[in-house]
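What follows is a set of notes on a single structure, which appears directly below.
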Amino acid sequence: MFRLRRAWPVGVIMAIALLAASCGNQTAETSTTTKTNPTTTDSQTTKPVSTTPATSDKPQYGGTISLMYTGSDILGFDEAYNAPWYPITCHLTEDEMLNGDWTQGPAGGYGTNKWTWTLEGVYNWSSKTGSLCDTWQVIAPNHYTFHVRQGVHFSLDTNNEASALVNGRLITADDIVYSYVRLCTVPGSYVYQAHPYFTKNLKMTATDKENIDLVVPDDVDSVYQIAQTLVDWNGTIAKEVIEKWGDMKDWKHAHGSGPYMLTDFVSGSSANLKKNTNYWDTNPIGPGKGDKLPYADAVRIFIISDASTQLSALRTGKIDMYSGVGIDDAKSFKKTNPDLKFFVTPASVMNCHMYMRTDKLDLPYHIKEVRQALTKATDYKTLVSSLYDGQAVYPTFPIKPLIDLRENYLSIEEASPEIQDIYTYDATKAKAMLKEAGYPDGFTANVFVQNNETYVDYLSVIKEMWSKVGVTLNINQLEFAVYNNRYIARDYDELFFTTGSSSGTFRTMITVVGSGGGYNLSYVDDERMVNGIPAMLTAFNSGDDAKVAQIHKQLSAIIYEECWVICSPSQNGTTFWWPWLKNYSGETSVGILNTNLWTKYVWIDSNLKKSMSY
């Protein structure tokens, strides 16, 4: 029986461990009490786990929300030089044009539960609501207009020289346009690198102080990018700060109009934010409807990369919540800290996949039968039962069976008998397939991987499995910086073990082909995918979600059969939180990569926390 640490680490390539819920009719396990809204369509299981004193649902102001970042450090404060999943404080200090609609999630038991908000990338237009822009109009598929919300000011912290320079002035359409056009023109920006055609050809104009006109190229991918990487992607900043300092790489130049202001940062230790008392937003639902947000006086983010210290931080009440907890640690928390509330999200813990150079004719990976043989030589059932106690799912590429994507996922049970056979372990048959493909004695394979213990341990298990069919897997470990650069450039020789793009709504599917940062890591060139993805995006852009799901499943079947990517199982993840964190249901990102933005809607029950001796 194989043994390794089952919790995949965060703070790597896409830093998106905060993923989502369940598949089909399977319900996510939760310890929260659900108040049923008449329009709710997704049920949840209620389990009492706490003996803590009964408290009121009445919102409370004050207190500090304590969170944790599990990477090695917060990597930047300027989205023009860092992909937006790295500078996590920006999602609290800056506002975007649009955001995810809090009322469409659990919202403390008062929402519609259309989304769980446990996925970092829900792109559907129907999921969005106004932020800095309060309304928008579709003139044509590639032509939008946006109206800027009136009366929104940059926050003012007189102890911050960048904030003092801006002096709490009114935000206008010029600020929003400047901020996004800057991302389109700075070479270090993610959107500049990943979507060069889109960023070089869009036209975004402030027609006056209150209105924005947007025209993008009239192709399906560019129209899709409006929803994916424009309206709910980057924050709005002030031009005068960049003119004076050149950038915002120094945390002391952080500013914006968000619910919190960054007041202190110690590299490798913590980030501290205080409440923006002049924040514009109000609570849209529940007993606090109409309340001025945010509720908490402060947010503190501890940077803790050590696994045992992470567990201790939650157990001791140093942090208020912890998401993406693997099955072993989840079992321990439920035993040692029964007062913790929790939300179990099947197949939600971040996992990696084996990508391969299918474009190199001198390597075996361009042969479909070889790729299928490697898949067949991977004993998925044993991986699930031995590594994850049966609490994991496969296939997990291009997407996992997350509840916010459930209509688009093709399960192995739904797949054809031929595909099911490929994913059924049989070393003898796999060896015969390699012989037919011209490799009777197997071959030597070389894989690049980050020098992370969990990754290497997992690959060691795969190495043992593949050795039974004559394939010798050499595991080459890389330092994170080198590994990351190779990922962005698709620069590797044979095999690359890494996370993929955020699942999002069809995000991974569109990255199966093409090029750019995080795109097409297996160098796929297949006419069915090249034609099918635009058809799917056309349906998405028209709002036909049912058609999108149908095409997505058809394309998934092609990917399963071709085996361009050898996926790993994804285990169940659990989000835990203390009962004093009120109005919280396990959310991680309300919208696209809006890490921790949910903090503006929740509050700390200080009396309850004190009564529990924390």
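All of the numbers you see were taken from the coordinates with simple rules; none came from a lab. Computed from a prediction, not measured in an experiment: that's the story for all the values here. Ideal geometry is used to build each Cβ from the backbone, glycine not excepted, and the neighbour counts take in all protein chains shown.
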(message) Under 8 Å for C-alpha pairs, at least 6 residues apart: give me the relative contact order for the chain, rounded to a whole percent.
(response) 24
(message) Would you report the distance distribution of C-alpha pairs in region 305-436 as whole percents per 5 angstrom bin, up to the bin with the largest distance?
(response) 2, 8, 14, 16, 16, 13, 10, 8, 6, 4, 2, 0
(request) Using only Cα atoms, find the angle between the long axis of helix 427-436 and the longest principal axis of the chain, and express it within 0 to 90 degrees, rounded to the nearest 10. (result) 70
(request) Work out from phi, with θ = phi - 60° and the Karplus expression 6.51 cos²θ - 1.76 cosθ + 1.60, the ³J(HN,Hα) of each residue of region 524-541, listed in order in whole Hz, and give x for Gly and Pro. (result) 6, 9, 9, 4, 5, 6, 4, 8, x, 5, x, 5, 5, 5, 4, 5, 4, 5
(request) Taking the Cα atoms of region 68-169, report the difference between the largest and smallest coordinate on each principal axis, in whole Å and largest first. (result) 40, 35, 30
(message) Compute the helix-to-body angle for 327-336: its Cα long axis versus the longest principal axis of the chain, expressed 0 to 90° and rounded to tens.
(response) 50
(request) Determine one quarter of the surface area of the Cα convex hull of region 353-571, which equals its mean projected area, and express it in nm² to one decimal. (result) 11.6
(message) Using only DSSP helix segments of four residues or longer, with each worth -39500 (n - 2.57), what per-residue ellipticity at 222 nm results for the chain after dividing by its residue count and rounding to 500?
(response) -7500 deg cm²/dmol
(request) Calculate the dipole size of the chain relative to its Cα centre from +1 charges on Lys and Arg beta carbons and -1 charges on Asp and Glu beta carbons; express the result in debye to the nearest 20. (result) 1540
(request) Scale the Cα Rg of region 138-202 by the rule-of-thumb value 2.2 N^0.38 Å and send over the ratio, two decimals. (result) 1.43
(request) Could you pull the Cα extents of the chain along its three principal axes, largest to smallest, in whole Å? (result) 71, 58, 46
(message) Quick check: the angle from helix 480-489's long axis to the longest principal axis of the chain, C-alpha only, nearest 10 degrees?
(response) 80
